[in-house]
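Input: a single structure, listed below in structure tokens.
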Amino acid sequence: MDEIKGIARVVFHPGKLDEWKRLTEQAMEIVRTRDTGTLQYEVFFNADESEAMVFERYRDADAALEHFANISHLMEPLMATASVTGELLGTPTEAMRAQLGGDQPKLFTPWMAAQG
């Protein structure tokens, strides 16, 4: 089970939705043109667009690290637009564990799975 999955929960600061959308569009372009192991990258909004969820899937920990490196220049401005929490699901490498630090995102490692 090498795949890494991520869920980011985003609550926008007042007046920052348009800036978050602009920056996220840049991130999506990077995913489409530079990431080599991103399997899925989707953004969902609640009804009034005051919150969003970003769902991500990566081939493995190395692909997730590549994505993080590719969008690293966007992280500070993105974090200025919203409060973000999240979960990372999978088995990280030591390099990924070293980058995670802190309590966000929360890491959940595999226990059991069935695939159809």
Condition set without any contact (Cβ under 8 Å) to a residue 60 or more places away in the chain and touching a strand residue (DSSP E or B) at 6+ places or on another chain (Cβ under 6 Å), scope the stretch 60-74, selection nearest to Pro92 (Cα to Cα): answer is Ala61
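Please enumerate the residues belonging to the stretch 78-101 that are free of Cβ contacts under 8 Å to residues at least 24 places away in the same chain and either under 16 Å from Arg9 (Cβ atoms) or touching an Asp or Glu at 6+ places or on another chain (Cβ under 7 Å) (or both).
Met79
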Conditions: (1) of a type outside the set (Asp, Glu); (2) buried (at least 19 other Cβ atoms within 10 Å of the Cβ); (3) in a loop (DSSP other than H, G, I, E, B). Gly15 meets all but one. Number of the miss? (2)
I'd like to know if the stretch 29-49 contains one or more residues that are in contact with a His (Cβ under 9 Å, 6 or more places away or on another chain), within 20 Å of Met96 (Cβ to Cβ) and assigned to a helix (DSSP H, G or I). yes
Looking only at residues that are outside any helix (DSSP H, G or I) and of a type in the set (Asp, Glu) in the stretch 64-110, which one is surrounded by the fewest Cβ atoms within 10 Å (Cβ to Cβ)? Asp103
Is the stretch 17-29 home to any residue that is of a type in the set (Val, Ile, Thr) and without any contact (Cβ under 8 Å) to a residue 60 or more places away in the chain? yes
Do we find a residue being assigned to a strand (DSSP E or B), within 13 Å of the chain's Cα centre (by Cα) and surrounded by fewer than 18 Cβ atoms within 10 Å (Cβ to Cβ) anywhere in the stretch 55-63? yes
Report yes if Ala47 is loosely packed, with under 11 Cβ neighbours inside 10 Å, among the aliphatic types (A, V, I, L, M) and modelled with pLDDT of 95 or more, otherwise no. yes
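The values are calculated or read from the model by the stated rules, or taken from the named source; none is laboratory data. This structure is a prediction, so every number in the text was calculated from the model and none was measured. So basically every Cβ, Gly included, is an ideal-geometry build from the backbone, and we count neighbours across all protein chains shown.
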